[in-house]
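Derivation of every value follows stated rules applied to the coordinates shown; laboratory data play no part. Since this is a predicted model, take the numbers as computed values, not measurements. Reconstructed Cβ throughout: ideal geometry from the backbone, glycine too, with neighbour counts over all protein chains shown.
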Amino acid sequence: MERREQLYEGKSKIIYATDNPDQVIQYFKDDASAFNGVKKGTIVDKGGINNAVSSKMFQYLETKGTKTHFVEQLNDREMLVKHLDIIPVEVVLRNVAAGSLCKRLGVKEGLEFPDPILEFFYKNDDLGDPMINECHIDIFKWATKDEVAQLKEQGLKINKLLFDFYRERKIRLVDFKLEFGRHNGEVLLGDEISPDGCRLWNWDTNEKMDKDRFRFDLGSVEEKYQEIYNLVCKD
Ligand code: TMP
């Protein structure tokens, strides 16, 4: 697979063209950012860990019938994926209260929900990814009604699969963000599934094992990313 010109550089990944117009390469950087780019830094080896963890998660979800953009992990930093027309809607699933939900609703961190909460955010850095609902998606034509139904159905299904996957490894999947895109008329799961876009707590102690360690300067960032890598990739 020939790596060609850079198509896009985001905060944590670079997208390169390949000699196949249907496929692109995701390159995972060590760069970390938080609070919509206000806090910036580096997490050593994060790119390699997020590439390996995401590759494992995509392969796992594929075995359970979820359609994803994953083709193959090429090397430490690069993943070959199907070229998506990204739907500009971030799908967030929550099992336990944390992050922006606590701020918005005055709920105490750690409250367990009897059922998952699904939220939509508009993928727009200039606006700070504001929360939206189905009316906004429909009126502004970010996705069709049928696509929104798929985002909800897939989001809830993926939440159940990932919650059980992590529970078996003594990790609580608190919340996470998914992105989807269109490819040859199908809606596929895209982006990455890594400790950058998930909240993962030790099941017994509630110790945070994800990007919140970087966001809030909790220390041992690299160590906790490495622990997640070991739990997900080395069993
Ligand atoms: P939040 O509490 O900041 O709304 O985030 C919920 C979860 O989704 C958390 O695991 C982080 C992830 N997330 C991202 O990774 N990127 C985003 O742009 C958003 C809105 C959420």
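Things worth noting here:
- Listed pairs 46/141; 39/160; 145/224; 40/123; 152/234; 157/208 exceeding 28 Å between Cα atoms: 46/141; 39/160; 145/224; 152/234
- Computed [θ] at 222 nm, deg cm²/dmol, the chain (DSSP H ≥ 4; -39,500 (n - 2.57); rounded to nearest 500): -9500 deg cm²/dmol
- Between the listed residues 228, 216, 124, the Cα displaced farthest toward the positive end of the dipole of region 119-235, a dipole computed from Cβ unit charges relative to the Cα centre, is found at 228.
- Calculated diffusion of region 121-160, Stokes-Einstein form, Kirkwood radius summed over Cα pairs, 25 °C and 0.890 mPa s, µm²/s: 223
- Using a cutoff of 8 angstrom between alpha carbon atoms and counting only pairs six or more residues apart, the relative contact order for the chain works out to 18 percent.
- Both radii come from the Cα set of region 1-149: Rg as radius of gyration, Rh as Kirkwood radius; their ratio Rg/Rh reads 0.98.
- Rounded to the nearest 20, the size of the Cβ-charge dipole of the chain about its Cα centre is 500 debye, with Lys and Arg at +1 and Asp and Glu at -1.
- Per-residue ³J(HN,Hα) for region 213-218, Karplus 6.51 cos²θ - 1.76 cosθ + 1.60, θ = phi - 60°, Hz, x for Gly and Pro: 5, 6, 3, 10, 6, 7
- You can think of it this way: the chain between residue 63 and residue 139 has 23.8 nm of extra reach, that is 0.36 nm per residue less the Cα-Cα gap.
- Residues whose placed amide H lies under 5 Å from that of residue 89, excluding near-sequence neighbours: 123, 180
- Signed unit charges on C-beta, dipole axis of region 112-202, positive-most listed residue 184, 194, 114: 114
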